[in-house]
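The values are calculated or read from the model by the stated rules, or taken from the named source; none is laboratory data. Because the structure is predicted, anything quoted here is derived from the model rather than measured. A quick note on method: Cβ atoms are made from the backbone with ideal geometry, for glycine too, and the neighbour counts reach across all protein chains shown.
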Amino acid sequence: MGKKQAGRASVLFEEPPFVLSAASVVGKKEGDGPLGTYFDKIEMDSMLGKKNWEEAESELQTRASKLAIEKSGLSQEEIRYYFGGDLLGQLIATSFGSMGLQFPMFGIYGACSTMGEAMGLGAMAVEGGFADNIVACASSHFASAEKQFRFPLEYGNQRPYSATWTVTGCGAVVIGAGPSEKALARITGITTGKIVDMDFKDSMNMGAAMAMAALDTILQNFRDLGVDETYYDRIITGDLGQVGRRLLLDYLSGAGHDIESRYLDCGILIFDEEAQDTHAGGSGCGCSASVLCGYILPKLEEGAWKRVLFLPTGALLSTVSFNEGQSVPGIAHAVILEHVE
């Protein structure tokens, strides 16, 4: 078995694992957006029949995971591990959402980059022979996030235009060694991001906090693989929104890379900026996860895109550190997804 490390932070798989299936479950606002017809399920009740917001988010994970497994044709007994995460303290949405599934579970936290981290770790587990099939999952809920990080909804505070709207949604994928006949895509490599701290202290402008982390991971990917932007049909960040998008494109241009013609952002795709009053766009772990499962993977499956750099972005905002005057660092985890011929 050869060495799979590439450069400083990347891995190239000798036997790329496959994304066997994907499921997306979102809320009504997300269903009303431009991608509404792409999602598997749109929940009209934001409480999902539960008695609080946190339980509702857990239910998002349960429903998305079960649907992804069902679509894969596998039984629950054939899933070796569950890699999941969310934004809430102690990963309570994941802990309670996966509890009934009874999988051996890795709870992970990368803020809004969590889906990239989950898929990267899951793919390494499969390709390394430690699991035949795994589930990778990430969720967020507008109300649970606002309650934890900003203000209770009843407060009715004004949101600046730099603010993003936390997506109520969840995306789950089943990653396995094959067979590949019905696979949505294959995972050929990953680039693991590092924490980038620009001493940014505006909790209402997460796009700016994450933009430099996205820049760092993209450039690291290019260096590690010896490629440039033309290697990818699309480079898709998680939730930089309008503010972070402009920063990323400008800084990449300054570094000699013009990616604008092949660049997308999940946070911009999921909402209609004018009609839905979400200001800079969408955010949350469920933003990139649901857009990946509902929109990006089908594009790869049909061959509209041959190779995509999927780059969920995370602002490592903590109510504890922020209230103590600390900055909001960023991180971004990249996954290379390719069409299966």
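Filtered by the rule that a residue be out of contact with any helix residue (DSSP H, G or I) (no Cβ under 6 Å at 6 or more places or on another chain) and either at pLDDT 90 or above or farther than 24 Å from Lys41 by Cβ (or both), the stretch 150-172 gives Arg150, Phe151, Pro152, Glu154, Tyr155, Gly156, Asn157, Gln158, Arg159, Pro160, Tyr161, Ala163. The condition (being small (Gly, Ala, Ser), under 30 Å from Ile218 (Cα atoms) and assigned to a helix (DSSP H, G or I)) is satisfied by just one residue among Ala131, Ala64, Ala56: Ala64.
Looking across the stretch 209-256 at every residue that is of a type in the set (S, T, N, Q) and within 25 Å of Thr168 (Cβ to Cβ), the one that is surrounded by the fewest Cβ atoms within 10 Å (Cβ to Cβ) is identified as Gln242. If you go through the stretch 172-222 and keep only what is in a helix (DSSP H, G or I) and closer than 27 Å to Phe18 by Cβ, you end up with Ala214, Thr217, Ile218, Gln220, Asn221, Phe222.
Counting just the residues of the stretch 184-208 that are crowded, with 24+ Cβ neighbours inside 10 Å and among the small types (Gly, Ala, Ser), which one comes out farthest from Ala118 (Cα to Cα)? Selected residue: Gly207.
Got a sec? Which strands (runs of 3 or more DSSP E) wholly within the stretch 289-340 have at least 2 residues that are over 10 Å from the mean Cα position of the chain (by Cα) and touching a residue at least 40 places away in the same chain (Cβ under 8 Å)?
Working: elements: 307-311, 313-315, 330-332, 334-338.
By residue number, 307-311, 330-332, 334-338.
For the stretch 86-108, a residue qualifies if it is over 19 Å from Gly282 (Cα atoms), outside any helix (DSSP H, G or I) and out of contact with any Phe, Trp or Tyr (no Cβ under 7 Å at 6 or more places or on another chain), and the qualifying residues are Gly100, Gln102, Gly107.
Evaluate the stretch 230-240: report whether one residue or more is at negative phi, of a type outside the set (Phe, Trp, Tyr) and over 20 Å from the mean Cα position of the chain (by Cα).
Here is the first cut: in the stretch 230-240, the ones at negative phi are 230-240.
Then keep just the ones that are of a type outside the set (Phe, Trp, Tyr); that gives 230, 233-240.
In the following step, the residues that additionally are over 20 Å from the mean Cα position of the chain (by Cα) were identified as 230.
Taking every residue of the stretch 230-240 in turn, at least one turns out to be at negative phi, of a type outside the set (Phe, Trp, Tyr) and over 20 Å from the mean Cα position of the chain (by Cα).
Checked against (1) within 18 Å of Val167 (Cβ to Cβ); (2) among the small types (Gly, Ala, Ser); (3) at pLDDT 95 or above, Ala315 passes all but condition (3).
Per-residue answers, yes or no, for (1) in contact with a helix residue (DSSP H, G or I) (Cβ under 9 Å, 6 or more places away or on another chain); (2) crowded, with 19+ Cβ neighbours inside 10 Å; (3) in contact (Cβ under 8 Å) with a residue 60 or more places away in the chain:
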residue	(1), (2), (3)
Ser21	yes, yes, yes
Ser24	yes, yes, yes
Lys29	yes, yes, yes
Asp32	no, no, yes
Lys41	yes, no, no
Ala56	yes, yes, yes
Glu59	yes, yes, no
Ala68	yes, yes, yes
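Residues in the stretch 11-59 that are under 17 Å from the mean Cα position of the chain (by Cα) and polar (S, T, N, Q) were compared, and the one that is farthest from Ala183 (Cα to Cα) is Ser58.
Taking every residue in the stretch 83-95 that is closer than 23 Å to Ala131 by Cα and of a type in the set (Phe, Trp, Tyr) and pairing it with any residue that is at pLDDT 85 or above and surrounded by fewer than 24 Cβ atoms within 10 Å (Cβ to Cβ), at least 6 positions away or on another chain, the pairs with Cβ-Cβ distances below 6 Å are Phe83/Phe106; Phe83/Leu121.
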